[in-house]
1. Please figure out what share of the DSSP beta bridges in segment 334-421 is antiparallel and state it in percent, rounded to the nearest 5.
2. In degrees from 0 to 90, rounded to the nearest 10, what is the angle of the helix 188-202 Cα long axis to the longest principal axis of the chain?
3. Can you figure out the FRET efficiency of residue 38 with residue 313, using R₀ = 30 Å and their beta-carbon distance, to the nearest 0.05?
4. Whole Å is fine, so just give me how far the alpha carbon centre of segment 428-502 lies from that of segment 88-111.
5. At residue 107 and residue 501, where each label point lies 7 Å from the Cα along Cα→Cβ, what is the point-to-point distance in nanometres?
6. How would segment 462-561 be classified by its alpha-carbon gyration tensor: rounded, prolate or oblate, with rounded meaning a/c under 1.5 and the a/b versus b/c comparison settling the rest?
7. For segment 113-294, take the alpha-carbon Rg, divide it by the Kirkwood Rh, and send me Rg/Rh.
8. Show me, for segment 377-392, the HN-Hα J-couplings you get by feeding each phi into the Karplus relation (A = 6.51, B = -1.76, C = 1.60, θ = phi - 60°), rounded to Hz, glycine and proline as x.
Amino acid sequence: MLKSGCVLDCYDSCELSVDESYNFQASKDKPTSRFLCQNLAHYHDFETIKKPRFDGVEITKEESLEKLFEIIKESNSTLYYKNGGNFGLMQDVLGHFFASHNDTLTKGSLCDGAGDAGIVAGRGVNHILPISQIEKSEVVIVWGRDIHTSSSHLLPILKGKKLIVIDPIKTKIAKMADLHVQLKPRSDIYVAILLYRFAMIEGEYDEEYLEEHAGEFEEFYELSQTIRIKKTLDKIDVDLGVFGKILGMMKDKKTSIIVGVGVQKYREGADVLRAIDAFALVMGLFGKEGCGVSYLGNSKESIESPFKDSSKKVSKVDTKFDQFDTVFVQGANPLNQMPNTLRVKESYSKVKNTIYFGLYENETSQNSRLILPAQEFYFKNDVRSSYGDNKMTFMNALKKSENGFSEYELSNALCKEFDVELKTEDEYLEHFKSFSDENGNIKGRQDLPYKDGFDDEFEFLDELELKLNFKKDLFLITAKSPSSLNSMFKREKCVYLHPSHNFKDTEMIRVSSDIGFVDLEVKNNEDIREDCVLIRSGVSGVNNLTPSHHSYDGLGACYQDVKVKIGKI
Ligand SMILES: Nc1nc2c(c(=O)[nH]1)N[C@H]1C(S)=C(S)[C@@H](COP(=O)(O)OP(=O)(O)OC[C@H]3O[C@@H](n4cnc5c(=O)[nH]c(N)nc54)[C@H](O)[C@@H]3O)O[C@H]1N2
Ligand SMILES: Nc1nc2c(c(=O)[nH]1)N[C@H]1C(S)=C(S)[C@@H](COP(=O)(O)OP(=O)(O)OC[C@H]3O[C@@H](n4cnc5c(=O)[nH]c(N)nc54)[C@H](O)[C@@H]3O)O[C@H]1N2
Ligand code: SF4
Ligand SMILES: [Mo]
């Protein structure tokens, strides 16, 4: 058994052991590792790409490298497009080549960007709340995160704590909760600001602390008073009594708020996190043992990159692929996961040379010319960090693989051919490892973030551009699937609806928006609100429905900034 770690895009970043036959065993050493999740338990059920190919014809590894060099030499404009297929820090070694070669990289986020921008605007910097603090909490508010699906290793940690869940879906964690607020989607900003207002009215805040760290707290209270309570609560379908219940449950209790990406898949996503932070602040949750707000942090915080990544950058949300001669895709499936798939497909199809470097066949591999197979993580030496905790996890290569390329191998070949300087793989690995202490904790990360306050004062939202313009159509909720990791592994093929819509299970229906449509099989489910449909991430065609505009802050995608209709085909 060799010690390793899972590289998937996931809060938990589990430690594992792998044996010679590639069997995995969960590690007991890390709290978020203690069992194998569904994705890892079924990892070997899914076939990987074994051979490179060009225009549909299989070629050898050597031929594929020759082809790659030829394409890059001929190309006048090359885009390097990478996403989160593998969270190993060595993945960026290819970006080093493309940046050094003066090609174009991407900026922005398909994931947590809007929320992150809101946190940074308020707190100055987005530090990760360590799991050890959540362990000490007495009350946990799960706000737009599907714990059973996306951070299942938190479940044992949450045992015995009072649970409040704020989610438009009656998720498994909502069913276990002491209080579930099944609000209308996109209403969180009102809930957060009203919680702030009622907390101020109760007057149990620490005035001295607020004066010192958040001087504008009275002004924000005034702003919160501009919300018309009854009208707003009717619209967002939340009971007035809920506020008293939440504040009552939190009174004198160590509380952490675990926020997921669900709340911020909208244009105003940044403001939602900033409003939640404001509520946390008035409740005194920052810098206190067993308290805090956990969101997705920057997995690379306090880790210096040895790789070049400064170059021209274009947004990865509405990328105009057709402005490039060559597009190199790594660890991503943009033809399924980016918003507005039809636009993406059309733009991608106009590119002369499309190169896909990945592990699995998918919409992007099927529409690319040169296919370069990647290697599974257990064939590669690497180091990873996570957006959910402050640990570093180390992957040790089991042996050499016959198939595919490692990222270092591919970058090394390119750097040699194009005369770009590259250090040895071991030098980079040592570099990354030097950022961890002997217990695997990343040096410089804080055990109790914000214990000395913020670098500057906390900055509250200073205006509310709240529009309660909920059109009649249905809300689209597009959250993560338990059986897939975005588009990897077993993807769903269905749309979940409340039975009141009178469609039969397995009936094919059309879901349409202003952007496009998709035909899917119905699954009736009482856990969905009547005014919502749920189509999970990875479902083929889900992003036919979604818009490719950006969040107001953070260059983030806005997958749920759209209303949909359903009907018979
Ligand atoms: N099994 C599995 N695990 C994964 C992934 C996966 O695909 N599969 N993906 C990984 C990735 S890339 C990420 S970013 C994380 C994300 O994981 P999470 O942070 O859990 O994000 P989501 O699953 O998108 O949404 C979480 C919850 O938000 C709720 N929600 C939707 N809209 C709203 C709203 O307006 N308000 C509120 N309060 N709630 C809302 C949804 O109903 C859902 O229960 O998961 C990671 N882990
Ligand atoms: N409708 C909808 N769309 C969404 C979301 C949603 O919730 N709903 N979620 C958004 C979010 S949060 C995210 S993070 C993005 C995720 O979007 P992507 O990052 O594009 O995620 P995947 O679909 O998992 O594609 C990852 C690819 O990485 C490849 N891969 C895996 N391991 C390796 C490796 O070691 N090396 C290389 N070279 N390749 C590898 C696999 O072949 C896989 O196809 O999707 C976004 N899109
Ligand atoms: S997908 Fe997440 S929960 Fe599953 S093994 Fe990997 S890091 Fe752990
Ligand atoms: Mo994500």
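Every number here is computed from the coordinates shown, using simple stated rules; none is lab data. Predicted model, so just to flag it, every value in this text is computed and none were measured. In this analysis, Cβ positions are derived from the backbone assuming ideal geometry, glycine residues included, and neighbour counts consider all displayed protein chains.
1. Taking every DSSP beta bridge within segment 334-421, about 40 percent pair in antiparallel fashion.
2. Between helix and principal axis, roughly 40 degrees.
3. 0.25
4. 22 Å
5. 3.9 nm
6. Judged from the Cα gyration tensor, segment 462-561 comes out oblate (a/c at least 1.5, b/c at or above a/b).
7. 0.92
8. With the stated coefficients, segment 377-392 comes to 4, 7, 9, 10, 7, 7, 9, 9, 10, 10, 8, x, 7, 10, 9, 10 Hz.
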